[in-house]
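Only one structure is covered here, and it is reproduced in the block below.
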Amino acid sequence: MGPPVPRPGLSVPPLGCPSTSPAMPGSSAPRCGPSAAAPPPQVSVFPSPQELGSALAQLVAQREAQSGPGGRFSLGLSGGSLVRILAQELPDAAAAPARWLLAFVDERRVPLEDPESNYGAYKSQLLSKIPVPEDQIVIINPSLPVEEAAADYAAKLKKAFQGEDMPVFDLLILGIGPDGHTCSLFPDHPLLQEREKIVAAISDSPKPPPERITLTLPVLNAARSVVFVATGDSKAAVIKRILEGDEENPLPAALVQPHTGKLYWFLDEPAAKELTIPFEKHSIL
């Protein structure tokens, strides 16, 4: 099979439908995670992080529009390099941030003004440009012990999602580590087996700082849409494992398979360089 055909002028992939490219000869359809019955994710590759960021902002805007006039738009964010990407592109795409409910898929138990705080990073880089009401931003209380901070964050989410047994986000934007972790769900960690709690504490994170709170897999898989975002060749090997592997003990990111929602992967070319499955290649140039 030759390389995917670029589609000039297309800034964001069509929503709600996976790539229609044929599967490679002798292979099954592309898949993500341990369940062969799961529908394939929609994998989109962009020439640069900037073009990826523009498409990601448009995806947020489309999901916001689909929440309906006057309806709330619930968005869950990861930290790390995503902060910079969203801070550059999202302000111009956000139509009605006063309707947003904003939460964080994980957080470090550090002071909110600490450089390691996801909320702090977004507050300084993005929220100064997008007027989301403060009472619609769900944040942890880092002054509490980590277990209590997790319980407090869960209570805040349950209040924000009143009437729902499980918080159902309109869109979750997730990152991925070179080890395959997402949120603060790490390979071989007992939290991957958590099925009751919507928020869990972790005090032995293999990546510092050690104390964190994280959404659990049941919440991730209840979302209406989930998009993984990865850039750089340091992610290429683990992305190939997740999207093309069939591992007995799947990596955490491979366990994210929304039950009824859509799953997207937005990659730049270096992050996608080892993939052999079909994907859509996009460019705004």
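Taking the criterion of being out of contact with any helix residue (DSSP H, G or I) (no Cβ under 7 Å at 6 or more places or on another chain) and either modelled with pLDDT of 95 or more or closer than 14 Å to W265 by Cα (or both), the only residue of the range 65-74 that qualifies is S74. Assess whether L126 counts as being in contact with a Gly (Cβ under 8 Å, 6 or more places away or on another chain) and either surrounded by 20 or more Cβ atoms within 10 Å (Cβ to Cβ) or at pLDDT below 95 (or both). So L126 does not fit the description; no. Here the condition is being in contact with a strand residue (DSSP E or B) (Cβ under 7 Å, 6 or more places away or on another chain), touching a residue at least 60 places away in the same chain (Cβ under 8 Å) and within 25 Å of G76 (Cβ to Cβ); of P258, P252, it holds for P252 alone.
E116 meets the stated requirement of being touching a Pro at 6+ places or on another chain (Cβ under 7 Å) and surrounded by fewer than 21 Cβ atoms within 10 Å (Cβ to Cβ).
The single condition among (1) closer than 30 Å to F46 by Cβ; (2) in contact with a strand residue (DSSP E or B) (Cβ under 9 Å, 6 or more places away or on another chain); (3) among the polar types (S, T, N, Q) that N221 does not satisfy is (2). The set of residues from the range 254-268 being closer than 16 Å to R224 by Cα and either of a type in the set (G, A, S) or under 12 Å from the mean Cα position of the chain (by Cα) (or both) comprises V256, Q257, P258, G261, K262, L263, Y264, W265. Going through the range 121-164 one residue at a time, which ones are touching a residue at least 40 places away in the same chain (Cβ under 8 Å), part of a helix (DSSP H, G or I), among the aliphatic types (A, V, I, L, M) and over 11 Å from I213 (Cα atoms)? Of everything in the range 121-164, those that are touching a residue at least 40 places away in the same chain (Cβ under 8 Å), part of a helix (DSSP H, G or I), among the aliphatic types (A, V, I, L, M) and over 11 Å from I213 (Cα atoms) turn out to be A121, L157, A160.
Checked across the range 99-112, the condition of being at pLDDT 95 or above, surrounded by fewer than 17 Cβ atoms within 10 Å (Cβ to Cβ), among the basic types (K, R) and outside any loop (DSSP other than H, G, I, E, B) holds for no residue. Within the range 155-165, is even one residue open to solvent by 10 Å² or more (accessible area, probe 1.4 Å), modelled with pLDDT of 95 or more and under 17 Å from the mean Cα position of the chain (by Cα)? No, the range 155-165 contains no residue that is open to solvent by 10 Å² or more (accessible area, probe 1.4 Å), modelled with pLDDT of 95 or more and under 17 Å from the mean Cα position of the chain (by Cα).
The values are calculated or read from the model by the stated rules, or taken from the named source; none is laboratory data. Note that the structure is predicted; figures quoted are calculated from it, not measured. Positions of Cβ are backbone-derived with ideal geometry, glycine not excepted, and every protein chain shown enters the neighbour counts. The protein model used for the area step is the full one, side chains on, heavy atoms only, and it has no ligands, DNA or RNA in it. Shrake-Rupley method; radii C 1.70, N 1.55, O 1.52, S 1.80 Å.
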